[in-house]
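Undergrad: Please read through the structure below; I'll follow up with questions.
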Amino acid sequence: MSKQTIIELRNIAKHYMMGSEGFYALEGIDLDIYLNDYIAIVGSSGSGKSTLMNLLGCLDYPTAGEYKLKGTDVATLNETALAGIRNREIGFIFQNFNLLPRATALQNVMQPLIYRGIAVAERRRRAQNALEMVSLQDRMAHVPNQLSGGQRQRVAIARALVTEPAILLADEPTGNLDSSTTTEIMALFDKLHGDGQTLIVVTHEHEIAERCHRVITLKDGHLMSDHINQVSAKLSSSEVVAYV
Amino acid sequence: MSNLKFKIIEGTRSAAHSIFAHGFRSFLTTLGIIIGVASVIAVVSVVQGFSANITQQFDGMGTNVINIESYTPREERLQGVRAKLSYDDYLEIKYRVPGISNVTPTVTMWGSNALITYRGQSSSSMIVGTASTYQKLNTVYPERGRFFNLSDDNSRRRVAVLGPSIISKLDIKGDPIGQHVGVSGEWFKVIGIAEKRGKLFGFDQDDFILLPFSTTKALLGGAQEPDITISLQINEPSQLEQVKQHIKNLLRRNHRLSKDAADDFEIATADQMLDTFDAIVGSTTLVLGGIVGISLLVGGIGIMNIMLVSVTERTREIGIQKALGATRFDILLQFLIEAIFLCLLGGLIGLILGFGAGSLISNLTGLPSATVPAWAIILSFGFSAGIGLIFGIIPAAKAANLDPIDALRYE
């Protein structure tokens, strides 16, 4: 079974200057991410999870190494081009939802399409479709304050999906949610994965990681392990074969 | 280019959203601009209304008309000396200066010795004794009846043309034409009513009575020769300077002025008066412009201050927008448009308020109605937009340069 590579990381390093001392957030990361991967990135706090997430999401540049996203060397792009990559290829889902507080659910989902230069009628149509996909068609005119945590996160997911990104990057997506809502959101992720979406979930929760098909563990800025989660992978697909 | 247009439209949409979401704050933010623009429009509209009215009156006088008046320097006036233009001066000019027509002598009386009576009522109005040619130089048209003619003047007829205000002041009932009013104990038959001209600075321009010059002269008697004003029309406008020089020489000789003595008369053209008036209006407008410039500057600083606060407050939103793919330019444009939009809105409100205030002022004070010239509208909008651009650029640049990771983490 052939696997289409979406992301290639080669010897990625990220250094920060904290005062006069250098700090190695990431060191020598090699990673390949394939189409329809369902990955959990785990590790304790300070392990470099967030830094890796920011690099993968093109919010930050690596200090060294090579990052190819769908064949494009992202590390050499300027800020404006990087913003374009974020807009087209990356869908962000955050722990605290990060919705625009004064905008309605529909306006929030329409927002990324503005930066793509899509006219308002088409934006509305696509945003409505995306909200229907997360079963929020009857909450479109509500502002985030009027929505529950789970609903807010589903708006955020719709916003991430509306641009049809290459990868969905979720940073502790259930960190602010109760357990039943967590289950609901994870079920939605499972469904998206089933539809062919590539997902990367950063989490420190064991239950979440267990649902993912591939678990990458970071420690002190190094990649400790990268293994296939046999149990959950078996549950939904036969892709296990591909990794073995 | 169409991409930029799209971004500007989207930026405007977002700016409107954000401005109206914080309605009261936006109002306070732009209050400086509102007050600045409102005050300039109020003052400019009053000044311009006044100026338009004056100009119209000058136009009525005709541009090739010359007025000659006596002039006494202040020092001599203190010594009790008074320069005078006499009837002889008038005759000399009329018959000896070539290239002129409609030479008109005018004698004006004011105050307590200018009493007009009618059936027990009396009115202290301006009494103007003048020739029939006065009408041609000053465009006084009778609304009813007629103006006096050459024969009225030549035969010293006791006829009068009334300003419309006198009719109500004297409480004249019925048709005033054909009735008689008393001036200095003599009766004058009313033959015409002048057109209404309205008030200027609270001064009633319709409170006058016009009498034939010869009649007025006889009325005053020979006791004291009156000081007259001489108006005339130049046939060829290009000969203005020659005619003026001619009149000047003639009057100096007539008044026996020595070579180094100053003129005891003034020769003024309507154009000159208009120029002087324009200069006054121009410098007034300039001073006002300066004051407004300062108030708009203060308003602009207010806008910048609130925009800076707003950028800090919305740091996280900016982070989200950047994560969703907004470029630096998108964010810069968004905040810049917001600042300009805010200023233009302030400018518009200021314009409406200012025009309202100007109209109110001119209504209450009896000034001519306020007019806002197009340049004032364009200038105040241009200035508002400029203020928005200048004072919006720093907050907008601050927003655009935020690091997306830091901005997303901002609490």
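Undergrad: Tell me the residue from A:Gly65, A:Gly28, A:Gly84, A:Gly22 that is in contact with a Lys or Arg (Cβ under 8 Å, 6 or more places away or on another chain) and not in a loop (DSSP other than H, G, I, E, B), please.
TA: On the way: A:Gly28 fails: in contact with a Lys or Arg (Cβ under 8 Å, 6 or more places away or on another chain); A:Gly84 fails: in contact with a Lys or Arg (Cβ under 8 Å, 6 or more places away or on another chain); A:Gly22 fails: in contact with a Lys or Arg (Cβ under 8 Å, 6 or more places away or on another chain).
That would be A:Gly65, the only listed residue that is in contact with a Lys or Arg (Cβ under 8 Å, 6 or more places away or on another chain) and not in a loop (DSSP other than H, G, I, E, B).
Undergrad: Same structure, new question: Would you list the strands (runs of 3 or more DSSP E) that sit entirely within segment A:161-221 and hold 1 or more residues that are open to solvent by 20 Å² or more (accessible area, probe 1.4 Å) and modelled with pLDDT of 90 or more?
TA: Filter on segment A:161-221 gives A:167-171, A:214-219.
Undergrad: Kindly list the number of the only condition in (1) facing chain B (nearest Cβ under 10 Å); (2) in a helix (DSSP H, G or I); (3) crowded, with 23+ Cβ neighbours inside 10 Å that fails for A:Val109.
TA: In the conditions (1) facing chain B (nearest Cβ under 10 Å); (2) in a helix (DSSP H, G or I); (3) crowded, with 23+ Cβ neighbours inside 10 Å, A:Val109 misses (1) alone.
Undergrad: Inside segment B:19-55, can you point out the residues that are within 14 Å of chain A (Cβ to nearest Cβ) and open to solvent by 10 Å² or more (accessible area, probe 1.4 Å)?
TA: B:Phe20, B:Ala21, B:His22, B:Gly23, B:Arg25, B:Ser26
Undergrad: Starting from segment A:65-83, take each residue that is within 14 Å of chain B (Cβ to nearest Cβ) and free of Cβ contacts under 8 Å to residues at least 60 places away in the same chain and list its partners that are part of a loop (DSSP other than H, G, I, E, B) and open to solvent by 50 Å² or more (accessible area, probe 1.4 Å), counting only C-beta distances under 8 angstrom and pairs at least six apart or across chains.
TA: none
Undergrad: Go through (1) of a type in the set (S, T, N, Q); (2) part of a strand (DSSP E or B); (3) farther than 30 Å from B:Lys169 by Cβ and name the single condition B:Thr72 misses.
TA: All conditions are met except number (2).
Undergrad: Let me ask you something else. Does B:Ile318 count as assigned to a helix (DSSP H, G or I), out of contact with any Lys or Arg (no Cβ under 6 Å at 6 or more places or on another chain) and open to solvent by 10 Å² or more (accessible area, probe 1.4 Å)?
TA: Details: assigned to a helix (DSSP H, G or I): yes; out of contact with any Lys or Arg (no Cβ under 6 Å at 6 or more places or on another chain): yes; open to solvent by 10 Å² or more (accessible area, probe 1.4 Å): no.
Against the criterion (assigned to a helix (DSSP H, G or I), out of contact with any Lys or Arg (no Cβ under 6 Å at 6 or more places or on another chain) and open to solvent by 10 Å² or more (accessible area, probe 1.4 Å)), B:Ile318 does not qualify.
Undergrad: Suppose we filter B:Ile390, B:Ile340, B:Ile361 for residues that are away from every other protein chain (no Cβ under 14 Å) and at pLDDT below 85; which single one remains?
TA: On the way: B:Ile390 fails: at pLDDT below 85; B:Ile340 fails: at pLDDT below 85.
Result: B:Ile361 is the single residue among B:Ile390, B:Ile340, B:Ile361 that is away from every other protein chain (no Cβ under 14 Å) and at pLDDT below 85.
Undergrad: Quick one: which of A:Ile90, A:Ile118, A:Ile114 is touching a strand residue (DSSP E or B) at 6+ places or on another chain (Cβ under 8 Å) and among the β-branched types (Val, Ile, Thr)?
TA: Working: A:Ile118 fails: touching a strand residue (DSSP E or B) at 6+ places or on another chain (Cβ under 8 Å); A:Ile114 fails: touching a strand residue (DSSP E or B) at 6+ places or on another chain (Cβ under 8 Å).
Going through A:Ile90, A:Ile118, A:Ile114 in turn, the sole match is A:Ile90.
Undergrad: Among the numbered conditions (1) open to solvent by 80 Å² or more (accessible area, probe 1.4 Å); (2) closer than 30 Å to B:Val47 by Cα, tell me where B:Asp260 comes up short.
TA: Exception for B:Asp260: condition (2).
Undergrad: For the structure I just gave you, tell me whether A:Gly48 is at positive phi and crowded, with 18+ Cβ neighbours inside 10 Å.
TA: Values: at positive phi: yes; crowded, with 18+ Cβ neighbours inside 10 Å: yes.
In short, yes.
Undergrad: Do the conditions hold for A:Glu8, that is, is it in a strand (DSSP E or B), open to solvent by 30 Å² or more (accessible area, probe 1.4 Å), touching a Lys or Arg at 6+ places or on another chain (Cβ under 6 Å) and more than 14 Å from every other protein chain (Cβ to nearest Cβ)?
TA: Yes: the conditions hold for A:Glu8.
Undergrad: Right, next: Please go through segment B:181-190 and give me each residue that is surrounded by fewer than 17 Cβ atoms within 10 Å (Cβ to Cβ) and part of a strand (DSSP E or B), ordered by number.
TA: B:Gly182, B:Glu186, B:Trp187, B:Lys189
Undergrad: So A:Arg126 passes all but one of these: (1) at the interface with chain B (Cβ under 10 Å from one of its Cβ atoms); (2) in a helix (DSSP H, G or I); (3) in contact (Cβ under 8 Å) with a residue 12 or more places away in the chain. Which condition number does it fail?
TA: Unmet for A:Arg126, out of (1) at the interface with chain B (Cβ under 10 Å from one of its Cβ atoms); (2) in a helix (DSSP H, G or I); (3) in contact (Cβ under 8 Å) with a residue 12 or more places away in the chain: (1).
Undergrad: Sticking with this structure for a sec: Of a type in the set (D, E, K, R), open to solvent by 80 Å² or more (accessible area, probe 1.4 Å) and modelled with pLDDT of 85 or more - does that describe any residue in segment B:96-111? Outline the logic, then answer.
TA: So the first thing to find is which residues in segment B:96-111 are of a type in the set (D, E, K, R), and the list is B:96.
The next check asks that each one be open to solvent by 80 Å² or more (accessible area, probe 1.4 Å); those that pass are B:96.
After this cut, where a residue has to be modelled with pLDDT of 85 or more as well, the list is B:96.
Yes, segment B:96-111 contains at least one residue that is of a type in the set (D, E, K, R), open to solvent by 80 Å² or more (accessible area, probe 1.4 Å) and modelled with pLDDT of 85 or more.
Undergrad: Here is a follow-up. Which condition number does A:Glu172 fail, the rest of (1) out of contact with any helix residue (DSSP H, G or I) (no Cβ under 7 Å at 6 or more places or on another chain); (2) under 21 Å from A:Ala40 (Cα atoms); (3) more than 14 Å from chain B (Cβ to nearest Cβ) being met?
TA: (3)
Table: residues versus (1) within 25 Å of B:Val44 (Cα to Cα); (2) hydroxyl-bearing (Ser, Thr, Tyr); (3) within 14 Å of another protein chain (Cβ to nearest Cβ).
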| residue | (1), (2), (3) |
| --- | --- |
| B:Leu324 | no, no, yes |
| B:Phe335 | no, no, no |
| B:Leu351 | yes, no, no |
| B:Thr365 | yes, yes, no |
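Undergrad: I would also like to ask the following. If you check B:Ile306 against the conditions, is it in contact with a Leu (Cβ under 9 Å, 6 or more places away or on another chain), buried (at least 18 other Cβ atoms within 10 Å of the Cβ) and within 14 Å of chain A (Cβ to nearest Cβ)? Give the steps one after another, and end with the answer.
TA: On the way: in contact with a Leu (Cβ under 9 Å, 6 or more places away or on another chain): yes; buried (at least 18 other Cβ atoms within 10 Å of the Cβ): yes; within 14 Å of chain A (Cβ to nearest Cβ): no.
Judged against the criteria, B:Ile306 is not a match.
Undergrad: Of the residues A:Val42, A:Val134, which single one is in contact with a Leu (Cβ under 9 Å, 6 or more places away or on another chain), closer than 12 Å to A:Val162 by Cβ, crowded, with 21+ Cβ neighbours inside 10 Å and at pLDDT below 95? Outline the logic, then answer.
TA: Details: A:Val42 fails: closer than 12 Å to A:Val162 by Cβ.
Unique residue meeting the criteria: A:Val134.
Undergrad: Looking at (1) out of contact with any strand residue (DSSP E or B) (no Cβ under 8 Å at 6 or more places or on another chain); (2) assigned to a helix (DSSP H, G or I); (3) touching a residue at least 12 places away in the same chain (Cβ under 8 Å), which is the one condition that is false for B:Gln245?
TA: (3)
The values are calculated or read from the model by the stated rules, or taken from the named source; none is laboratory data. Here the structure is a predicted model, which is why all the values come from computation and not from measurement. Glycine gets a Cβ as well: all are built from the backbone with ideal geometry, and neighbour counts include every protein chain shown. Protein only, heavy atoms only, side chains kept; ligands, DNA and RNA dropped before computing areas. Shrake-Rupley method; radii C 1.70, N 1.55, O 1.52, S 1.80 Å.
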